1. Quick one: if you stick a label point 7 Å off each Cα along the C-beta vector at E142 and R85, how many nm between them?
2. Kindly write out, for region 161-177 in residue order, the coupling ³J(HN,Hα) from the Karplus curve 6.51 cos²θ - 1.76 cosθ + 1.60 (θ = phi - 60°), rounded to whole Hz, with x marking Gly and Pro.
3. Counting other C-beta atoms within 10 Å, and keeping those with at most 16, which DSSP coil GluC sites (Glu not before Pro) do you find in region 29-126?
4. Across region 84-204, how large is the tail of the calculated P(r) beyond 19 Å, expressed as a percent of all Cα pairs?
5. Net charge near R182, counting Lys/Arg +1 and Asp/Glu -1 over other residues with Cβ under 13 Å of its Cβ?
6. Add -39500 (n - 2.57) for each DSSP H run of 4 or more in the chain, then divide by its residues: what number comes out at 222 nm, to the nearest 500 deg cm²/dmol?
7. Hey, got the dipole for region 1-122? About the Cα centre, +1 on K and R Cβ, -1 on D and E Cβ, debye to the nearest 20?
8. So how far apart, in nm, are the two label points at S19 and I61 if each is 7 Å from Cα heading toward Cβ?
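All of the numbers you see were taken from the coordinates with simple rules; none came from a lab. What you are looking at is a predicted structure, and each value in this text was computed from that prediction instead of being measured. When we count neighbours, we look across all protein chains shown, and the Cβ atoms used for this are built from the backbone with ideal geometry, even at glycine.
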Amino acid sequence: MIPGSLFIVAAPSGAGKTSLVRELLARDERVRLSISYTTRAARPGEVDGRDYHFVSKEKFIALLEAGEFLESAEVYGNYYGTSERWIREAMAAGDDILLEIDWQGAAQVRRLFAEAIGVFIMPPSLQALQQRLTGRGQDSTEIIARRMAAAREDISHVSEFDYVIINDDFAEAVADLCALFRTRRLQTSRQLARYASLFHQFNP
Ligand SMILES: Nc1ncnc2c1ncn2[C@@H]1O[C@H](COP(=O)(O)OP(=O)(O)OP(=O)(O)O)[C@@H](O)[C@H]1O
Ligand SMILES: Nc1nc2c(ncn2[C@@H]2O[C@H](COP(=O)(O)O)[C@@H](O)[C@H]2O)c(=O)[nH]1
């Protein structure tokens, strides 16, 4: 079996990564999204187990201490973590895995999986970012201010990622993200030769 790839998508809050990832998942059935654990309160419309596993701080710390997380970080005042068990199982099944996490988590994952492919989503401007956070209409003024204050720090980590997509025109950014996933899946003939079982089907 050809092993799947591990993709990381990060962005400052409000740049549009959840919207883009949702479109990618609708168009590319080979990608599986890791559902993170978080101590953040659910936003209106968010569903436990679909958008996040929403847990208390105590439960999160218990999971952390039990070694359940591949990576974890405090982001904008809440805790977030990726289930190591889920990732290992999905990898064993040969799936392409997508982690929608922040730059701190991305750095932790890169230390474990050097081959992970990092994609950073940029807003066209800080003004557009502010408008998107406000326009989403789901966070208080204080929360938006906290996320805007962190945006410069978030963006300063852009060079740690392999690819950058500027999410200005939404349709264009979706097309770029889908193309990136498709292209990264192409195998060179040398890579293919490493997957002996597949290779031998054509070279008995
Ligand atoms: N290209 C775009 N042009 C205009 N608005 C956009 C664009 N992309 C996304 N948006 C809007 O911006 C808002 C924020 O998008 P989204 O929730 O996907 O951001 P995010 O990066 O996942 O944020 P967070 O990290 O806070 O969850 C949403 O209301 C979304 O509809
Ligand atoms: N390090 C991790 N960061 C994560 C994870 N899941 C989400 N995130 C990031 O948190 C912020 C805020 O997300 P929001 O849903 O509260 O707006 C954003 O940058 C996410 O990418 C995770 O498991 N680990």
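1. It is 3.5 nm.
2. These are the phi-based 3J(HN,Hα) values: 9, 7, 9, 10, 10, 8, 8, 9, 7, 4, 4, 5, 5, 4, 4, 4, 5 Hz.
3. Passing sites in region 29-126 are E29, E46, E115.
4. Summing the P(r) of region 84-204 above 19 Å gives 63 percent of all pairs.
5. 0
6. -13500 deg cm²/dmol
7. 140 debye
8. 3.8 nm
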